[in-house]
Amino acid sequence: MQTSVAAKTGDEVEIMLSSGEQEADIVLNAEVRWQRRVPLQLRSALAGGIGLQIRYASESYYVLLAGAAKTSPPAGPGTV
């Protein structure tokens, strides 16, 4: 996740996503697994961020994923 928030590996975070189209917000509880810090003078050229491991996701998250899987084209050769 691209962010400028300072988070350490092992920190627990809660993420709330809202599209305005869904009745319920999407809530994720996750743990920070890695971080990429970017010096202040380079932030206009590089993005910092964190990698998250999802520990809990609300039902609306799985509904969103199922909908995305139905509309995504199949993966081509050599894609991961």
Those residues of segment 23-80 which are among the aliphatic types (A, V, I, L, M), assigned to a loop (DSSP other than H, G, I, E, B) and at pLDDT 70 or above, in sequence order
Val38, Ala45, Leu46, Ala47
How many residues are more than 15 Å from Val13 (Cβ to Cβ) and hydrophobic (A, V, I, L, M, F, W, C) if we restrict to segment 43-69?
9
What number of residues within segment 6-19 satisfy the criterion of being in a loop (DSSP other than H, G, I, E, B) and within 10 Å of Val32 (Cβ to Cβ)?
5
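The values are calculated or read from the model by the stated rules, or taken from the named source; none is laboratory data. Keep in mind it's a predicted model, so treat the numbers as computed, not measured. Note that each Cβ is placed from the backbone with ideal geometry, even for glycine, and that neighbours are counted across all protein chains shown.
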